[in-house]
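Asks: Here you go, one structure.
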Amino acid sequence: MDNFSLLMGGFGTALTPLHIALMIGGVLMGLVVGVLPGLGAPNGVSLLIPLTFSLDPTSAIILLSSMYWGALFGGSTTSILFNIPGEPSSVATTFDGYPMARRGQPTRALTLAFMSAGFGALLGVVVITLLAGWAARFALRFGAPEYFAVYFLAFAAFIGMGTGAPLKIVASLSAGLLLSTVGMDSVTGVVRLTYGFTDLLGGISFLVVVIGLFGLGEILATVQEGLRFRGVASRIRLGDVLATMAELPRYWATLLRSGVVGTWMGITPGGPTAASFMSYGVARQASGKSGPAFGTGRPEGIVAPEAADHSAGTCAMLPMLALGVPSSATAAVMMGGLMIWGLTPGPMLFATKPDFVWGLIASMYVSNVVAVILVLATVPLFAALLRIPFAIIGPIIVAICLVGAYTVSSAGFDLWLALVFGLVGYLLTRLDYPLAPLILAMVLGHKAENAFHQSMILSDGSLGIFFSNPLVASIMAIALALLILPRLGGLRRRRNPPEVVE
Amino acid sequence: MSYVTRIAAGSVAAALVAGTALAQTGWAPEKPVEFVVASGAGGGTDNFARTIQSVIATHKLMDQSVVVLNKGAGSGAEAFLYAKQNAGDPHKLIFGTNNAYLLPHVGKMAYSFQDLTPVASLALDEFLVWVKADAPWQTLPEMIEAAKAAPGTIPFGGSQSKDTDETLVALIEDTTGADFKYVPFNGGGEVGVQLAGGHVAGNVNNPNENIGQWQAGAIRPLCVFSPRRMAAGEPVFDGKGWGDIPTCAEQGVAIDSYQMPRTVWLPAGVPPEATAFYADLLKKVSETPEWADYVAKTSQSGVYMAGADLDKFVTESEGKAVAVFKAQGWTAN
């Protein structure tokens, strides 16, 4: 096996004391930027790039990628504890992670998240190792219609089995789509819906909205309910961590399915954020009506988005290295670094710089294991944060939220946006409007619109282009099936009520 | 002793210590300098700014530290608006391309070229016509004939709308009478992959955006829009290197030059000494081996321009582009 011997050579490169120290340092720094909302992996990595000028490229990419993994793990921590996603891709983790933590099981929620994230990442690396050459060629087959089909699939998978009033889902989704159109449209070059505000030229940052809707909205809700975080009285023991790890194999099906979804979205490349939403939707759909509802702290609701997020994050490195197309913001920054170090991303990188590529891939095995161990060791510490009285932690969270909102693009305007969306988030939650479709639409809306518009230019306005070859046609067919089948399934179930499991 | 006089005394002392550097220009930054980049992190302009940052750090060309800020919204307009909001502040350098003076022509932007002070241009990026390796065309005129035979059917990919790529495609159309179908994508890397995958028939990427796919033999260049052939360098694929690519004028397409300058600006209203200081600093940067290395690796032409040279270049380049904008009906005013 050719790839295998190259990988062994890569381990030789990765397992030097300097590189292991860089991994640990990178993961720790990543954890810090991941925990602070808004700072995030892309900013963290671009801050580190000047420091890498003195390192050789392999050491530099190991440091940067380790920081990325650390940030992905750190982003889940605040999602679960405070309902504030540290990273865009950990939004879906809030849906069940936060309720579980509020029920007094923060340790269980964090452990579940970290273990499934670690599993997802390792699955992603294994796929990269085995399929590097094939996957890079496969990604070349994605033109504008195929991209649209993938985004449509993500929407369909998430919305298809939506719980709650359909009209409210549509309202929330439309609001998200509307918000995603603000700013300059790259296909027509026209500036839309900015009302003369130059701050809106770049659009409304999705992270600022998330910080407002989730972080500040939650603070307002807590204030109304008596200034207390619920579920505070939990005891934190290392035993809980071990017990949860023993529980994990029970969710093997969810883990595997989410890993596959993430791998697919990482390679195609739809990106980790889309992957986590899609995987959450698919898990909800697969679970049927058995057990407690999703959104109330169900373990699968944590396992699914985390495993998918990390396998996609890992696989996103592949299109970046092999094609020069980054499928996440962080990958884009790393690619910039690659060029400054004098390397050209592209199909030939694997042939011309095998030390670099396989050193990086080998380091991904090691640094993800390092990351899981480091974050698990900090679980009791993080979970203990919930025991701090609200009078102290509440203002700190508000401060962190506002710092995060400011950091996204160093704009004071974003602070007002975050405050406004905090109020909106509070009201929408009170009125039982689901926030998730709004977020999904904001993340994917603009990309889906661009891909649709490009497809229409290519086909001179014919929708037939979405069924013009087997690849795009089968993705569209799966998406339509995910959208329609749950409705039919619901009718059938009404006739034969399912047995209640658990 | 008042606060002001103490500071004055302090700067005199500092000037005495710093000696030669200050004697030349009489001005030096007093606090960290912001490098404001008119593109997102990881783009071509971003690499340009960060390379300069690393050269300044390696050779200790400036006493103050450098902070890089990405303001790439609206095809880079965000960075130039930032310059307008910070008029007179000599601690903010703006990094861009020809977008600095072309954007106000195509969109209703809340800034004009008068809000910027030209400092220097450090390199010229080339534009080439690329096709898929197995495409039937060997020269640009052959491709143009095909487009004339079937108007509006051959898709040309490019980054952004009404930006440098679409302007060049429109210029080819205006010059030759061909009719292509222009499809805008988000960036040069994406356009390169769309071509390698056969989803578009051609693109006009810069060398650096397509070299990876050329090395792999997935795509090949037809010609370069430069007055003379590019520097030879090492062979890239199949024994051919950058120097072997014919110019488009050689092939008989009457566009002798289309190049994108890598430019540096200050806000309007800064002291002339500050402009001179940065022009001198960037001149020093352009003379380092690291800079030569960057220019060679990205296959750009390392031409340093400042003062009257730069003004002349900008006026000519602006004139040509605006003629295309008028012909296409893109002008905002």
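The values are calculated or read from the model by the stated rules, or taken from the named source; none is laboratory data. Note that the structure is a prediction, hence the values are computed from the model and not measured. Here Cβ is always computed from backbone atoms with ideal geometry, including for glycine, and neighbour counts include all displayed protein chains.
Asks: In the stretch A:341-349, is there at least one residue being assigned to a helix (DSSP H, G or I), of a type outside the set (Phe, Trp, Tyr) and crowded, with 24+ Cβ neighbours inside 10 Å?
Replies: Looking through the stretch A:341-349, none of the residues is assigned to a helix (DSSP H, G or I), of a type outside the set (Phe, Trp, Tyr) and crowded, with 24+ Cβ neighbours inside 10 Å.
Asks: Okay, moving on. When you scan the stretch B:35-55, how many residues do you find that are over 20 Å from B:THR117 (Cβ atoms) and in a helix (DSSP H, G or I)?
Replies: 8
Asks: Which residue out of B:GLY107, B:GLY96, B:GLY188 is within 23 Å of B:LYS297 (Cα to Cα), within 14 Å of chain A (Cβ to nearest Cβ) and of a type outside the set (A, V, I, L, M)?
Replies: After ruling out the rest, the residue left standing is B:GLY188.
Asks: Residues in the stretch A:442-460 that are more than 12 Å from chain B (Cβ to nearest Cβ) and free of Cβ contacts under 8 Å to residues at least 12 places away in the same chain: how many?
Replies: The number of residues fulfilling the criteria is 0.
Asks: Also: I'd like to check something: does the stretch B:204-220 contain any residue that is more than 13 Å from chain A (Cβ to nearest Cβ) and modelled with pLDDT of 95 or more?
Replies: yes
Asks: Out of the residues in the stretch B:73-88 that are within 12 Å of A:THR198 (Cβ to Cβ), buried (at least 20 other Cβ atoms within 10 Å of the Cβ) and without any contact (Cβ under 8 Å) to a residue 40 or more places away in the chain, state the one that is nearest to the chain's Cα centre (by Cα).
Replies: Out of the qualifying residues, it is B:ALA77.
Asks: Check A:TRP416, A:TRP358 and return the single one that is assigned to a helix (DSSP H, G or I), aromatic (Phe, Trp, Tyr) and in contact (Cβ under 8 Å) with a residue 40 or more places away in the chain.
Replies: Just a single option satisfies the conditions, and that option is A:TRP358.
Asks: Can you go through A:MET335, A:MET320 and tell me which one is free of Cβ contacts under 8 Å to residues at least 40 places away in the same chain, facing chain B (nearest Cβ under 10 Å) and closer than 21 Å to A:VAL126 by Cα?
Replies: The match here is A:MET320.
Asks: Quickly run through the stretch A:323-332 and pick out the residues that are assigned to a loop (DSSP other than H, G, I, E, B) and either farther than 26 Å from A:SER89 by Cα or within 8 Å of chain B (Cβ to nearest Cβ) (or both).
Replies: Passing the criteria: A:GLY324, A:VAL325, A:PRO326.
Asks: Can you name every residue in the stretch B:64-97 that is assigned to a helix (DSSP H, G or I), in contact with a helix residue (DSSP H, G or I) (Cβ under 7 Å, 6 or more places away or on another chain) and hydroxyl-bearing (Ser, Thr, Tyr)?
Replies: Across the stretch B:64-97, the qualifying residue is only B:SER75.
Asks: Also: Could you figure out which of (1) among the hydrophobic types (A, V, I, L, M, F, W, C); (2) more than 17 Å from the chain's Cα centre (by Cα); (3) within 14 Å of another protein chain (Cβ to nearest Cβ) isn't true of B:ALA149?
Replies: B:ALA149 satisfies all of (1) among the hydrophobic types (A, V, I, L, M, F, W, C); (2) more than 17 Å from the chain's Cα centre (by Cα); (3) within 14 Å of another protein chain (Cβ to nearest Cβ) except (3).
Asks: Residues that are free of Cβ contacts under 8 Å to residues at least 60 places away in the same chain: which helices (runs of 4 or more DSSP H) entirely in the stretch A:76-177 hold 2 or more of them?
Replies: Helices (runs of 4 or more DSSP H) meeting the threshold: A:106-139.
Asks: Another question, then. Given the criteria closer than 20 Å to A:ALA139 by Cβ and more than 14 Å from every other protein chain (Cβ to nearest Cβ), does A:ILE393 qualify?
Replies: no
Asks: Give the stretch A:199-237 a look and list any residue that's out of contact with any Phe, Trp or Tyr (no Cβ under 7 Å at 6 or more places or on another chain), under 24 Å from A:SER90 (Cβ atoms) and modelled with pLDDT under 80, or say none.
Replies: Once the filter is applied, which keeps residues that are out of contact with any Phe, Trp or Tyr (no Cβ under 7 Å at 6 or more places or on another chain), under 24 Å from A:SER90 (Cβ atoms) and modelled with pLDDT under 80, the stretch A:199-237 yields A:LEU207, A:ARG230, A:GLY231, A:VAL232, A:SER234, A:ILE236.
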